[in-house]
Amino acid sequence: MSDKQNKQIQRQVAKLSIVVVAMFAFVFVVMVPLYNLFCEVTGLNGKTGGPYQAEQVVVDESRTIRVQMISMNNEEMPWQFGPEVTEVFVHPGEQVQVNYLATNPTGKEMVAQAVPSVLPFRASSYFHKTECFCFNQQTLAAGESIEMPLVFIVDPEVPDNVSTITLSYTIFDVSPARASVGAK
Amino acid sequence: MGEHHGPAKGITRWLYTTNHKDIGSMYLWFSFAMFLLGGMFALVIRAELFQPGLQLVDPGFFNQMTTMHGLVMVFGAVMPAFVGLANWLIPMMVGAPDMALPRMNNWSFWILPFAFAMMVATLFMDGGGPNFGWTFYAPLSTTYAPPSVTFFIFAVHIMGASSIMGAINIIATILNMRAPGMTLMKMPLFVWTWLITAYLLIAVMPVLAGVVTMMLFDIHFGTAFFDARGGGDPVLFQHIFWFFGHPEVYIMILPAFGIVSAIIPTFARKPLFGYASMVYATASIAILSFIVWAHHMFTVGIPVAGELFFMYATMLIAVPTGVKVFNWITTMFRGSITFETPMLFSIAFVILFTIGGLSGLMLAIAPADFQYHDTYFVVAHFHYVLVPGAIFSIFAAVYYWLPKWCGHYVDEALGKTHFWLSFIGLNITFFPMHFVGLAGMPRRIPDYALQFADFNQISTIGAFIFGFSQVFFLFVVVKTIRNGKKATAKVWDSAEGLEWTVDSPAPYHTFTTPPKV
């Protein structure tokens, strides 16, 4: 093999190795953020945004939207968890407060994280939460109960064909003793 | 290059070898061992499914069998077999003395047995081996995985590293070591398809490594890429996995296209029809493979626009694939065809791969896929493209080039017996799966409703025929290597290509001075 050919091969291998490293990095630095961005923009999987700064908007009295609230316990999460009322009727633009109730019936302190999801997907980017218990983890001592507020606004821009929005919370046990999986 | 010398003696010949022919042989033998192992796992599955109800194995072990069957066949049997063929053939086809990076070649082979030893060892660990399907969807493979999953992750890392090194080696060989006059558009199609496959490997094996690394972090280091409790999303796993997984299925079929494109012209005694269109079709398939991944996950909840995009993009792949099928048929048209064993396997490839392609088109129809998803129809589809596709092409290649490798012709009667047993066995096994699938039998479940019993019994009988005919294949190959009619250099009357200009068996070193093309 000539030196020239050796050089060429070395250069080729260097280039291909860069591609390999770049593709590995691509998964972490491009695919994951891109997927999250994509979900945020399209409302895919009902993901909702973070805390929302309320703006002065005109309340659209001409429309009424039914907001249903449901809750689920992940796996064997023992808490009693659910909304105070299961549905409210709101006008787009109106700021509304509802409460979720949680009780830790066990004999030990536990930490929970609630994760929201909105249906239909096309409504999720119009469902804004100005205050939500899901922004933080909740710690309850043995036997303790808590009333957790949620303040939301349905954006007046919400598509005309949305008349019902279903807000679902799944509560996860994230107590340090139980899970190695941390929260964001 | 110094004086010619033969191989070293004893075990060190194989441990230290940098010879592309030795390494190619080791890859092929390793792949065949994995093929038998994966086949045994499949027979456990088929034996359990012979009757409804739970007979032989418990459901947990059944899950491990479906998982290990898939993993061993994909990463242990099909991929190493193609790399083995590439090692043997590419240097001889382009007129190079060896691969561009012979020592890395040795390493990329020798890490494979360790990877698979580790993976198979998980079956004997506490909690059993991987039981989450070969696609290892999170959270089955993270939150709910057996403790042995960490060994599985490292095994995938190692086999990924092996594939990446193999691919780099192949690209470096093809682009830098061709004999003078061997322009890109004069290369045999097997070389072309492997060049494109190698680029696919380099693009997506790091993605596989990435996704298993994310699993590792979720399991051991407290991240939550795929865990909703920490803000992650299990659907993200599927997107990343299939971004690797779809190009992967072409990695397993493009070299097969190259093989039959070499064999059909030889036995039709006509040059390949549409060489350039074959090259462009292969490249188109490779490019399209990056934008169709979500057709594996139509049912996860994708917006309609997404379903439509992935549906049409998937159907678009039928165009270049159709070009290839028509080219093979046109090559045979009015040829003076003879039906030696490699040709039989190649013709069966064209017919049965097309059947598999058509059921793929059915699955591509997003609304219909909601019915087919996760049923035996999917199992029938991908076994039709992988068994008579990838596996038959490998058989065809072995029968076609074995006289060149060992210097003896295969006994045609034995080869044809193997062909017909395999052909009949595989159709009995997989054809009824279309019916039970359309009727709604779910995949990966050890028990099933009574009405599926007849077809499942037929499938199981076929599976045992197919399985044992591969033991017969081993006998045929060993017999041919030991003795047989002496092969000429040319081997086949109308074979074209540089590999037929060297003696049979091919000398240990070939083309130490580049041939004239």
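Read-outs: derived from the displayed coordinates by stated rules, not from any lab. Predicted model, so just to flag it, every value in this text is computed and none were measured. Cβ sites come from the backbone with ideal geometry, for glycine too, and all protein chains shown count toward neighbours.
Each principal axis of the Cα cloud of the stretch A:76-184 was evaluated for its coordinate range; sorted largest first, these ranges are 48, 26, 21 Å. Magnitude of the Cβ-charge dipole of chain B, K/R +1 and D/E -1, about the Cα centre, nearest 20 debye? Approximately 1480 debye in magnitude. Of the peptides B:396-402, B:121-127, the order by per-residue mean of other Cβ atoms within 10 Å, starting with the highest, comes out as B:396-402, B:121-127.
Distances between placed amide hydrogens fall under 5 Å for B:LEU272 paired with no residue 5 or more residues away or on another chain.
The string of couplings for the stretch A:136-147 from the Karplus curve (6.51, -1.76, 1.60, θ = phi - 60°) is 10, 7, 10, 10, 10, 6, 4, x, 6, 10, 8, 10 Hz, one whole number per residue in order, with x for Gly and Pro.
Within the shell defined by Cβ-Cβ distances under 12 Å, the residues around B:THR314 carry a net charge of -2, with Lys and Arg each +1 and Asp and Glu each -1. Bins of 20 Å, beginning at zero and ending with the bin holding the largest distance: percent of Cα pairs per bin for chain B, please. Once binned at 20 Å, the Cα pair distances of chain B give 22, 58, 19, 0.
Please state the shape class of the stretch B:360-410: rounded when a/c is under 1.5, otherwise prolate if a/b exceeds b/c and oblate if not, all from the C-alpha gyration tensor. Prolate.
Translational diffusion coefficient of the protein assembly as shown (Stokes-Einstein, Kirkwood radius from Cα pairs, 37 °C, 0.692 mPa s): 118 µm²/s. Using 0.36 nm per residue and subtracting the Cα-Cα separation, the extra length available between A:GLU40 and A:ASN161 on full extension is 41.5 nm.
If only the Cβ of Lys and Arg carry +1 and only the Cβ of Asp and Glu carry -1, the dipole of the stretch A:43-118 around its Cα centre is close to 120 debye.
A helix-only calculation puts chain B at -22000 deg cm²/dmol for mean residue ellipticity at 222 nm, using -39500 (n - 2.57) for each DSSP H run of at least four residues, averaged over all residues. Packing here is the average count of other Cβ atoms within 10 Å per residue, and on that basis the peptides B:72-85, A:48-61, B:436-449, highest first, run B:72-85, B:436-449, A:48-61. For the residues of A:19-29, the average number of beta carbons from a partner chain within 10 Å of their own beta carbon is 6. Computed from backbone phi, the HN-Hα couplings of the stretch B:431-436 come to 5, x, 5, 4, 5, 5 Hz, rounded to whole numbers (Karplus: 6.51 cos²θ - 1.76 cosθ + 1.60, θ = phi - 60°; Gly and Pro given as x).
Note on the stretch B:284-303 and the stretch B:317-340: Cα centroid distance 27 Å, given to the nearest whole angstrom. Phi-derived couplings, Karplus 6.51 cos²θ - 1.76 cosθ + 1.60 at θ = phi - 60°, listed residue by residue for the stretch B:167-184: 5, 4, 4, 5, 4, 4, 5, 5, 7, 10, 10, 5, 5, x, x, 7, 6, 4 Hz, with x used for Gly and Pro. Taking Cα atoms only, the orientation of helix B:234-251 departs from the longest principal axis of chain B by about 20 degrees.
Sorted ascending by nearby beta carbons within 10 Å, beginning with the fewest, B:ILE90, A:ILE165 become A:ILE165, B:ILE90. Compactness of the stretch B:368-485, taken as the C-alpha radius of gyration over 2.2 N^0.38 Å, stands at 1.29.
Positive contributions from Lys and Arg (+1) and negative ones from Asp and Glu (-1), summed over other residues with Cβ under 15 Å from the Cβ of B:TYR409, come out at +2. The percentage of C-alpha pairs in the stretch B:241-370 whose separation is greater than 20 Å is 48%. Here B:THR321, A:THR139 are placed in order of increasing Cβ neighbour count within 10 Å, fewest first, which gives A:THR139, B:THR321. B:SER494: net charge of surrounding residues, Cβ under 11 Å, Lys/Arg +1, Asp/Glu -1, itself excluded? Counting the neighbours of B:SER494, the net charge comes to +1. Sorted into 5 angstrom bins from 0, the C-alpha pair distances of the stretch B:187-319 split as 2, 10, 16, 16, 15, 13, 10, 7, 5, 3, 2, 1, 0 percent.
Just to be sure I understand: with springs between alpha-carbon atoms less than 10 Å apart, which residue in A:VAL174, A:VAL20, A:VAL162 has the highest mean-square fluctuation in the Gaussian network model of chain A? The residue with the greatest mean-square fluctuation here is A:VAL20. When the inverse distances between all different Cα atoms of the stretch B:17-107 are averaged and flipped, the Kirkwood radius reads 14.8 angstrom. By the equivalent-ellipsoid construction on the alpha carbon gyration tensor, the stretch A:1-131 comes out with semi-axes of 49, 24, 11 Å, ordered largest to smallest. For A:SER71, nonlocal amide neighbours, meaning residues 5 or more places apart or on other chains whose placed amide H falls under 5 Å from its own, are A:TYR169.
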